[in-house]
Amino acid sequence: MNDIEKSIDSEISKLNDKIDKITEEINAEFKSAKDEFSKHLQEVEKERDRKMKEIKYIGVEFEPTDVKKGEEEVNAALKAGFEPIRDFQTPKGIVMVLGLWGDPKRTN
């Protein structure tokens, strides 16, 4: 084998090593993206499987004497497991829409 052939073989070997390294990096990135997507998909499926058991509307008036009552009602609902869905601005304050979610397979 002459010097040119040896040089070509050496360059080919170096290029193959670079290709192998790039392939490993791509595979690692692909696995990471696949794992992240699978985790997100499981979370979406879990959320989709929930069933709303109860809805609650709580008015919170922004009057100094009334705001504490509305605040306490909202906090009590949150402690009971209700989750905020939406709120609506009114001339006197807001109306909080809260939902209580549960297992769709359970009837109670």
Assuming Gly81 fulfils every condition listed in (1) at pLDDT 90 or above; (2) under 30 Å from Asp103 (Cα atoms); (3) assigned to a helix (DSSP H, G or I); (4) of a type outside the set (D, E, K, R) apart from one, which condition is it? (3)
Here is a list of conditions, (1) under 27 Å from the mean Cα position of the chain (by Cα); (2) modelled with pLDDT of 85 or more, and Asp49 meets all of them except one; can you say which number that is? (2)
Residue under question is Thr65, and the condition is that it be touching a Gly at 6+ places or on another chain (Cβ under 8 Å) and of a type in the set (Ser, Thr, Tyr); does it hold? no
Mind checking whether some residue in the stretch 61-71 is under 31 Å from the mean Cα position of the chain (by Cα) and on the phi < 0 side of the Ramachandran plot? yes
Can you tell me which residue is nearest to Glu63 (Cα to Cα) among those in the stretch 74-104 that are touching a strand residue (DSSP E or B) at 6+ places or on another chain (Cβ under 9 Å) and of a type in the set (Lys, Arg)? Lys92
Considering every residue within the stretch 54-64, establish whether at least one is in contact with a helix residue (DSSP H, G or I) (Cβ under 8 Å, 6 or more places away or on another chain) and of a type in the set (D, E, K, R). yes
How many of the residues in the stretch 27-56 are assigned to a strand (DSSP E or B) and exposed (fewer than 10 other Cβ atoms within 10 Å of the Cβ)? 0
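The values are calculated or read from the model by the stated rules, or taken from the named source; none is laboratory data. Not measured: the values here are computed from a predicted model. Every residue, glycine among them, receives a Cβ derived from its backbone with ideal geometry; neighbour counts consider all protein chains shown.
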